[in-house]
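Reviewing the structure listed below.
Each reported figure results from applying straightforward, stated rules to the coordinates on display, with no laboratory input. Since the model is a prediction, treat every value here as computed from it, not as a measurement. Please note: Cβ atoms are built from the backbone with ideal geometry, for glycine as well, and neighbour counts cover all protein chains shown.
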Amino acid sequence: MARKFIAAGNWKMNTTIKEGISLAQKLQDGKRDVNVVTILGVPATHLYPLKKKIKASSKILLAAQNCHHKVSGAYTGEISPAMLADLKIPYVILGHSERREYNHEDNALLASKLRAALDAGLKVIFCCGEALDIRKASTHVAHVKTQLVESLFFLSAAEMKNIVIAYEPIWAIGTGETATPQQAQEMHQAIRSMLSKKYGKRVAENTSILYGGSVKGNNAKEIFSQPDVDGGLVGGASLNADEFLQVINSF
Ligand code: 13P
């Protein structure tokens, strides 16, 4: 099983349902490389209406942008992984730096979210990445290693087939500044080597590792051409159908 090429959009807290449906329909109707797995990380309110609108034959998959670490209970305002599974949503994004920062999600909490998500039968796009001061101190690889060790590496090798890793340097998110293809490759190679040490070569070779941070139509090709970059997690540029189609067709 070779690893998959993935173009995942993260719409964050953007679009009305009408705008979201229109965007998804344009992607569905657009000319797309069908060998690329296309995933849309949409607001929770959009999951059900989009699930109904997107044709199964389009192979566009949906992701939630978060879930709780419990199956059910007195957690006002939260959505459980079981609820997402009930809607037949295949993916959930966990560990995004915006949730780590604004919602104080730490590595231990993320480990419990991962456990709950996998137990519910979801696949997880797990985000990691360093802030600018860490990059400047050249401790970025160690920082990402800690994130993976504390949140992910308790999983079994068999469970890793349900994990996609997204490396998103915080200094490149929404800033217009991307990591250079070489910086992305350095980290992706380091992550693959961590996977290999922990789980063996097979798991390392079969795990898709995405780059995120100001990926656009005009820079995706160069980033995706790096040997250990298997695709992108795309914020701003995924809100424009033509631009995201260009990203999807950049492999
Ligand atoms: P931008 O593509 O807008 O920089 O966002 C990246 C991101 O955070 C995707 O999860």
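Could you list all residues from the range 198-213 that are surrounded by 17 or more Cβ atoms within 10 Å (Cβ to Cβ) and either more than 12 Å from the ligand (Cβ to nearest atom) or of a type in the set (A, V, I, L, M, F, W, C) (or both)?
Answer for the range 198-213, where residues must be surrounded by 17 or more Cβ atoms within 10 Å (Cβ to Cβ) and either more than 12 Å from the ligand (Cβ to nearest atom) or of a type in the set (A, V, I, L, M, F, W, C) (or both): Tyr199, Val203, Ala204, Thr207, Ser208, Ile209, Leu210.
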For residues that are within 16 Å of the ligand (Cβ to nearest atom) and charged (D, E, K, R), tally how many sit in the range 4-40. 1
Can you report the number of residues in the range 45-82 which are within 18 Å of His104 (Cα to Cα) and touching a Gly at 6+ places or on another chain (Cβ under 6 Å)? 1
Identity of the residue in the range 152-176, within 12 Å of the ligand (Cβ to nearest atom) and part of a loop (DSSP other than H, G, I, E, B), that ends up nearest to the chain's Cα centre (by Cα): Glu168
Quick check on the range 214-223. Is at least one of its residues in contact with a helix residue (DSSP H, G or I) (Cβ under 7 Å, 6 or more places away or on another chain) and more than 16 Å from the ligand (Cβ to nearest atom)? no
Kindly provide the set of residues from the range 228-248 that are within 11 Å of the ligand (Cβ to nearest atom) and part of a helix (DSSP H, G or I), ordered by number. Gly236, Ala237, Ser238, Leu239, Glu243, Phe244, Val247
Failed item, numbered, when Ile134 is tested on (1) of a type outside the set (Asp, Glu); (2) farther than 26 Å from Gln189 by Cβ; (3) buried (at least 18 other Cβ atoms within 10 Å of the Cβ): (2)
